[in-house]
Amino acid sequence: MRRGIALAVMLCSVASAHGAPQRWTFCVAASQSGSDVWISEVFPAEGDRERFEAAFKSALEKTGVTGVDAQCPLPRADKVVAVNAQFDAEAFNRKLGAALHEVPAREFPERR
């Protein structure tokens, strides 16, 4: 019980410290042929979508992946909704036969 209350207080403190509730998203990038797809983990979305897309593309380029189209869905207030959308994106690309590559949260996005 105490742990649950402490967690709720911490979450409220984080939300009020930033002035808004936390929002969540992930990014997807596909090779031009569509045979390879990179999907990031769900991450806290602080900033605009265009910045996330540019940072995701840049992070992939640093690993030698070039010529990809990076897209990030609009951030969601509910992390579960963002995680479900990420699972759907993975399932969709797997169904198309793409080779999926996970991009860990520690590698993306770039922190300010």
Test: residue in the stretch 72-87 that is among the basic types (Lys, Arg), surrounded by 13 or more Cβ atoms within 10 Å (Cβ to Cβ) and not in a loop (DSSP other than H, G, I, E, B): yes
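Across the stretch 38-54, which residue is surrounded by the fewest Cβ atoms within 10 Å (Cβ to Cβ) among those that are among the small types (Gly, Ala, Ser) and farther than 12 Å from VAL28 by Cα? Walk me through how you get there before you give the answer.
We begin by selecting, within the stretch 38-54, every residue among the small types (Gly, Ala, Ser); these are 40, 45, 47, 54.
Filter once more, so that each one left must be farther than 12 Å from VAL28 by Cα: 45, 47.
Numbers: ALA45: 22, GLY47: 13.
The qualifying residue surrounded by the fewest Cβ atoms within 10 Å (Cβ to Cβ) is GLY47.
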The stretch 56-71: number of residues that are in contact with a Phe, Trp or Tyr (Cβ under 9 Å, 6 or more places away or on another chain) and surrounded by 18 or more Cβ atoms within 10 Å (Cβ to Cβ): 5
Condition check for ALA6: at pLDDT below 95, part of a helix (DSSP H, G or I) and not charged (D, E, K, R): yes
Test: residue in the stretch 69-85 that is of a type outside the set (A, V, I, L, M, F, W, C), modelled with pLDDT under 95 and at positive phi: no
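The values are calculated or read from the model by the stated rules, or taken from the named source; none is laboratory data. Owing to the predicted nature of the structure, the values given are computational and were not obtained by experimental measurement. Glycine also receives a Cβ, built like all others from the backbone with ideal geometry; neighbour counts cover every protein chain displayed.
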